[in-house]
Amino acid sequence: MIGHLGTISLCILGALAGPALGAGGVEEGRALYGRYCATCHGPQGAGDGPTSRIISIPPMDLADLSAANGGTFPLERVVRRIDGRDALIAHGSPMPIYGAFFEGERWLDVETPQGQIEVSPPVLAIARYLEAIQVE
C-alpha cells in the first residue's frame, strides 16, 4: 500500500507528462498530478495542498520552477526527482519515489537542455503538466 509520502511522489510524476506522449500528455499529467501530488503540492502546484499543513517541511511551489531556474523549466531535474534518480529530502524525510510505480514496458528518450534522458511516459506526463502550469 502506498503511504502518505508515496502519494506525494506520485503527484510529482504526473507533472512530467508532455508532448512525447501525444496530444493528451498534459491532460494525462494533470490527472496523475491530481491523484498523487495535489494532496501536498496543491491543485495549482503552489505547495498548499491539505497535507502541507501537517508535514514538517512545506512542499515546494511547483508552479515557480521555471522562474527559480532563470526562466527555463528544469525538465531533467524534475524527472530525476520524481523517479528517484535524484534524492530529495522533503517533509522531514526523503520524498517518496514513484519511478517504479510508473514504470512501463517502454521508456522514452527525451531531449533536455542538459542532454538526453530516458523517462517513463507517466513521469514525463507529470513533468509536462508541471511545465504547463509555470507562472510567468
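Quick grid of which residues meet (1) in contact with a helix residue (DSSP H, G or I) (Cβ under 8 Å, 6 or more places away or on another chain); (2) within 21 Å of V110 (Cα to Cα); (3) at pLDDT 95 or above:
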site: L10; (1), (2), (3): yes, yes, no
site: P19; (1), (2), (3): yes, yes, no
site: G24; (1), (2), (3): no, yes, no
site: L32; (1), (2), (3): yes, yes, no
site: H41; (1), (2), (3): yes, no, no
site: G49; (1), (2), (3): yes, no, no
site: I54; (1), (2), (3): no, no, no
site: I57; (1), (2), (3): no, no, no
site: M60; (1), (2), (3): yes, no, no
(request) Scan (1) open to solvent by 90 Å² or more (accessible area, probe 1.4 Å); (2) at pLDDT 70 or above; (3) out of contact with any strand residue (DSSP E or B) (no Cβ under 9 Å at 6 or more places or on another chain) for the single condition F102 breaks and write down its number. (result) (1)
(request) Could you grab me the full set of residues in the range 36-54 that are surrounded by fewer than 18 Cβ atoms within 10 Å (Cβ to Cβ) and free of Cβ contacts under 8 Å to residues at least 40 places away in the same chain? (result) P43, A46, G47, D48, P50, R53, I54
(message) Residue pairs, Cβ under 7 Å, 6 or more apart or interchain, first in the range 66-80 and without any contact (Cβ under 8 Å) to a residue 40 or more places away in the chain, second of a type in the set (A, V, I, L, M, F, W, C) and open to solvent by less than 20 Å² (accessible area, probe 1.4 Å). List them.
(response) P74/L65
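The values are calculated or read from the model by the stated rules, or taken from the named source; none is laboratory data. These numbers come from a predicted model, not from an experiment. Glycine also receives a Cβ, built like all others from the backbone with ideal geometry; neighbour counts cover every protein chain displayed. Just so you know, the surface numbers come from the protein's heavy atoms only, side chains and all, with ligands and any DNA or RNA stripped out. Shrake-Rupley method; radii C 1.70, N 1.55, O 1.52, S 1.80 Å.
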